[in-house]
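First the structure, in the form of structure tokens, and then the observations on it.
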Amino acid sequence: PAEVEALRRELGQRFAALASVLARRVAEGWLREGHGDLHLGNLVQWQGQPLAFDAIEFDAGLRRMDVAADLAFTFMDLMVHGLPRLAWRLAGAWAERLGDFEGVTLLRAFGAYRAIVRAKVALLSGGDTEGFRRYWAVARDLSAVPPAPKLVLCMGVSGSGKSTVAQRLAPSLGALRLRSDVERKRLHGLAPTDRPADPARLYSSEATRRTYERLGAVARMALCGGVSVVVDAASLRQAERETMRALACDARARFALVVCTAPEPVLRERLASRWREGRDPSDATGAVLDLQMRVQEPWPADWARWVHVVANAGDVAQLEATVDALATALNGDPGGPPAVTIGP
């Protein structure tokens, strides 16, 4: 009973603090008809695609909710089944697709509520005490104050693999990936793989300024909501890196700089292949790479404590192992060990 009361108090305080945010999201249209019961038992892979079934149809009140509350059921259930990386990968992909990064800051509170529901169902379904314990443990974890967030900036020229590194790194850190290529196009009303009719307008100095401003605003919102962030952006100028480091400091988040590198022939082959396939948000060409290599600036010597270099020559298995080792290091202390160079 004491644990129940403590959890009731903690979660009640969390939702009270979120009251104004939730009310604003209702006004913005995030309250919608959803599934209502989107745990893993109601999801199946059918003909190569995920299919949700057994939605709550008998009560509109139970299926009409903030979209983040619907997602939180699956997010929470992945945690219960020992799959936190998949939980964060789902959350990140969802946020990037909708642009609703704020919704991810609600997942801990909504997820705790969902875990309590499943814990109760476990006891009502023949006294499943083991199931109850698993859901109750996750409810307690998600309702607790989250650990200090991290801001990891993945930088490098086009083709260096920073998006691949960021995509694998973010779930391991319990973080969102913010991709500059996607957010730049979002600001111009374009889908990630749309090609701009006027590239000069999309990649002008003003458009680049707005893109980094957008990345900073979203990162700040996530960090202040207790969610770590991996920012995937070229960040070739030291002023851009310094802005992110200052943002992390303001949000009391730990900071790290991950520098992705690759041999020039590998860079050019990747850009050519990516352009032919047309499935990547990046519009970079060989000419863009030439410009990037001319304007990129070194980081100051006193940044050594935050810098981690990932050499990405093309071996996928080695890169994955490298990033996983880096995630372990960053989960321990994003600022160290100093000047780590990993990879061939």
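The values are calculated or read from the model by the stated rules, or taken from the named source; none is laboratory data. Because the structure is predicted, anything quoted here is derived from the model rather than measured. Counting neighbours? That spans all protein chains shown, and the Cβs are built from the backbone with ideal geometry, glycine included. These accessible areas exclude ligands, DNA and RNA; they are computed on the full protein's heavy atoms, side chains included. Shrake-Rupley method; radii C 1.70, N 1.55, O 1.52, S 1.80 Å.
Structural remarks
- In order through region 105-113: 3J(HN,Hα) via Karplus (6.51 cos²θ - 1.76 cosθ + 1.60), integer Hz, x for Gly, Pro: 5, 9, 5, 5, 5, 5, x, 4, 4
- For Asp66, residues with placed amide H under 5 Å, excluding near neighbours: Arg32
- Centroid-to-centroid, using Cα positions, region 1-24 and region 55-110 are 18 Å apart.
- Converting phi to 3J(HN,Hα) with the Karplus coefficients 6.51, -1.76 and 1.60 and the offset θ = phi - 60°, region 275-292 yields 5, 5, 6, x, 9, 9, x, 5, 9, 5, 10, x, 5, 5, 4, 4, 5, 4 Hz in sequence order, with x at every glycine or proline.
- The length gained by stretching the chain between His188 and Met293 to full extension, at 0.36 nm per residue less their Cα-Cα distance, is 35.2 nm.
- Amide H partners (placed H, <5 Å) of Val230, local residues excluded: Val152, Leu176, Arg177, Leu178
- Rounded tilt (10° steps) of 205-224 against the dominant C-alpha axis of the chain: 30 degrees
- The Rg/Rh ratio of region 153-226, with Rg taken over Cα atoms and Rh as the Kirkwood radius over Cα pairs, comes to 0.98.
- Within the chain, percent of DSSP bridges classed antiparallel, to nearest 5: 25 percent
- Surface accessible to a 1.4 Å probe, per residue, for the residues of the chain, Å²: 49 Å²
- Nonpolar atom fraction for the chain, defined as the carbon and sulfur part of the 1.4 Å probe accessible area, stands at 57 percent.
- Of the trypsin sites (Lys or Arg not before Pro) found in region 242-316, those that fall in a DSSP loop while having at most 16 other beta-carbon atoms within 10 Å are Arg252, Arg279.
- Those lysines that a straight Cα-Cα span of less than 29 Å connects to Lys150, excepting residues fewer than 8 apart in one chain: Lys162, Lys185
- In Hz, Karplus ³J(HN,Hα) per residue of region 319-331 (6.51, -1.76, 1.60; θ = phi - 60°; x = Gly, Pro): 5, 4, 5, 4, 5, 5, 5, 5, 4, 4, 5, 5, 5
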